[in-house]
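The values are calculated or read from the model by the stated rules, or taken from the named source; none is laboratory data. Being a predicted model, the structure only gives us computed values, none of them experimental. We place every Cβ from the backbone using ideal geometry, glycine too, and count neighbours over all the protein chains shown.
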Amino acid sequence: MRKHYIDNLRSIAILVLIPYHAAMAWNAWGEPNYMMFGSSRVLSSFIVFFSPFLMPLLFLLAGMSTRFALAKRSSGQYVVERVKRLIVPLLFGTVVLMPVLTYLADVRNCGYSGSFVSHYGVFFGKFTDLTGADGGFSFGQFWFLLYLFVISLICLGVICLQKKFLPRFSGNMPLWGVLLLGLPLPFLGGLLEIGGKSLVEYVYVFLLGYYVFSCDEVILLLRKYRYVLLSVGVVSSFANIYMFLWSTSFEAVNLYVNYLACWFMVLGLLGVGSSSLDFSSPLSFGFARTSFAFFSLHYIFVVGLQFVFADMPLVPLFLLPVLIAYPLTFLGCYLCCRVRFLSFLLGVKPQ
């Protein structure tokens, strides 16, 4: 039986990416971005609220989805599906979409005056911090697809070994065990880290999704205590915002509060999602099918609109790109999903 709340939670997380990425133009910690308009602790607070748990949630949901995918696919079929769903849009996004983003960034941030066509030479010949903010090569948001593909292959190997040597292994455990699973996260975050993104941490979270959170008994526990878990997560998230952005007195404990917010928000959202989002409607089903296309297309509209409205004051410069990017991205998904070749390039099934 399909777990619709997995699709719906993933869809909501991806929808958050438009204001999240728009706000990055004002991040208060100086992280390079395609558009850089200064610093705003208010908009940065929005980023810091979501950043601890947004990507771990997506990788955990991917692990849960893999459990159900492998129940009806062979390992070979799973790998082929991963190539179509992840590698093809990764290559398309890197070669076609990322040069547009880095060209706009180079014009805005570095005063580049050459043509868009000539900038391809800059994109494929300039390797610096891989953010793309200086016009150089970058995977951009498509790092997620690259990581997810590599992690899927790593975890598929782990799963095959487990099925061979521990065929009766079960991830079912009591609530206190589920809570303790978050303890290793602060120590895994710095392992095999590229651009602030830890491969080891996301492998761990993916495997938890596959083995632990695909168990109905565990989800029932999270559903029972969902409001307690979510409340702890929200309080921890606001404490993390305060410690990271608004105070300089808690640097020693901020890392642990960050991961406390991460883990309890993930647990709370799974509990609430399994309780309130386990449904399918034409709207939710349609977006679930096109969520990867939305993920691939949204950033180019956000950055393009910020480039056009760059001379506006802060509030309209943030709100207008966000409000306009949503319908444009949905329109892009609609058109791409009705052209078979574009559907293939974006990793979605044509409709």
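Residue by residue, here is whether (1) over 17 Å from Gly135 (Cβ atoms); (2) assigned to a helix (DSSP H, G or I) holds:
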site: Phe49; (1), (2): yes, yes
site: Gly63; (1), (2): yes, yes
site: Thr66; (1), (2): yes, yes
site: Arg73; (1), (2): yes, no
site: Gly76; (1), (2): yes, yes
site: Lys84; (1), (2): yes, yes
site: Pro89; (1), (2): yes, yes
site: Val100; (1), (2): no, yes
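Being more than 28 Å from Pro32 (Cβ to Cβ) and more than 23 Å from the chain's Cα centre (by Cα) is a property that Ile159 has. Within region 169-192, none of the residues are assigned to a helix (DSSP H, G or I), hydrophobic (A, V, I, L, M, F, W, C) and within 27 Å of Arg73 (Cβ to Cβ). Applying the condition of being surrounded by fewer than 23 Cβ atoms within 10 Å (Cβ to Cβ) and in contact with a Phe, Trp or Tyr (Cβ under 8 Å, 6 or more places away or on another chain) to region 280-303 and asking which residue is modelled with the lowest pLDDT yields Phe287. Considered as a group, the residues in region 208-239 that are over 16 Å from Leu267 (Cβ atoms) and of a type outside the set (Gly, Ala, Ser) include one that is surrounded by the fewest Cβ atoms within 10 Å (Cβ to Cβ), and that residue is Phe238.
Let's see how each residue does on (1) part of a helix (DSSP H, G or I); (2) under 21 Å from Leu175 (Cβ atoms); (3) at pLDDT 95 or above; (4) within 18 Å of the chain's Cα centre (by Cα):
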residue: Ile219; (1), (2), (3), (4): yes, yes, yes, no
residue: Leu222; (1), (2), (3), (4): yes, yes, yes, no
residue: Leu229; (1), (2), (3), (4): yes, yes, yes, no
residue: Gly233; (1), (2), (3), (4): yes, yes, yes, no
residue: Tyr242; (1), (2), (3), (4): yes, no, yes, no
residue: Phe264; (1), (2), (3), (4): yes, yes, yes, yes
residue: Leu267; (1), (2), (3), (4): yes, yes, yes, yes
residue: Val272; (1), (2), (3), (4): yes, yes, yes, no
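Without any contact (Cβ under 8 Å) to a residue 12 or more places away in the chain, out of contact with any Gly (no Cβ under 6 Å at 6 or more places or on another chain) and either closer than 25 Å to Ser198 by Cα or in the same structural domain as Cys262 (by TED's automatic domain parsing) (or both): which single residue out of Gly76, Gly30, Gly111 fits that description? Testing whether each residue is without any contact (Cβ under 8 Å) to a residue 12 or more places away in the chain, out of contact with any Gly (no Cβ under 6 Å at 6 or more places or on another chain) and either closer than 25 Å to Ser198 by Cα or in the same structural domain as Cys262 (by TED's automatic domain parsing) (or both) leaves just Gly30.
Please verify whether region 122-138 includes one or more residues that are outside any helix (DSSP H, G or I) and either touching a strand residue (DSSP E or B) at 6+ places or on another chain (Cβ under 9 Å) or outside the structural domain of Gly63 (by TED's automatic domain parsing) (or both).
Yes, region 122-138 contains a residue that is outside any helix (DSSP H, G or I) and either touching a strand residue (DSSP E or B) at 6+ places or on another chain (Cβ under 9 Å) or outside the structural domain of Gly63 (by TED's automatic domain parsing) (or both).
Inspection of region 130-153 finds no residue satisfying the criterion of being surrounded by fewer than 13 Cβ atoms within 10 Å (Cβ to Cβ) and either of a type in the set (Asp, Glu) or free of Cβ contacts under 8 Å to residues at least 40 places away in the same chain (or both).
In the set Arg73, Arg67, which member is of a type in the set (Lys, Arg) and in contact with a Phe, Trp or Tyr (Cβ under 6 Å, 6 or more places away or on another chain)?
Working: Arg73 fails: in contact with a Phe, Trp or Tyr (Cβ under 6 Å, 6 or more places away or on another chain).
Matching residue, one of Arg73, Arg67: Arg67.
Screening the candidates Val178, Val203 for the property of being touching a residue at least 24 places away in the same chain (Cβ under 8 Å), within 26 Å of Glu31 (Cα to Cα), among the β-branched types (Val, Ile, Thr) and not assigned by TED's automatic domain parsing to the domain that holds Leu260 yields one hit, Val203.
Of the residues in region 243-284, how many are over 15 Å from His4 (Cβ atoms), in contact (Cβ under 8 Å) with a residue 60 or more places away in the chain and among the polar types (S, T, N, Q)? Here the count works out to 1. Do we have Ser44 as more than 28 Å from Pro282 (Cβ to Cβ), hydroxyl-bearing (Ser, Thr, Tyr) and in contact (Cβ under 8 Å) with a residue 40 or more places away in the chain here? Yes: the conditions hold for Ser44. Restricting Leu104, Leu58 to residues that are closer than 19 Å to Leu17 by Cβ, surrounded by 18 or more Cβ atoms within 10 Å (Cβ to Cβ) and more than 21 Å from the chain's Cα centre (by Cα) narrows the list to Leu104. Output yes when any residue across region 157-168 is without any contact (Cβ under 8 Å) to a residue 40 or more places away in the chain, of a type in the set (Phe, Trp, Tyr) and not in a helix (DSSP H, G or I), and no when none is. No, because not a single residue in region 157-168 is without any contact (Cβ under 8 Å) to a residue 40 or more places away in the chain, of a type in the set (Phe, Trp, Tyr) and not in a helix (DSSP H, G or I).
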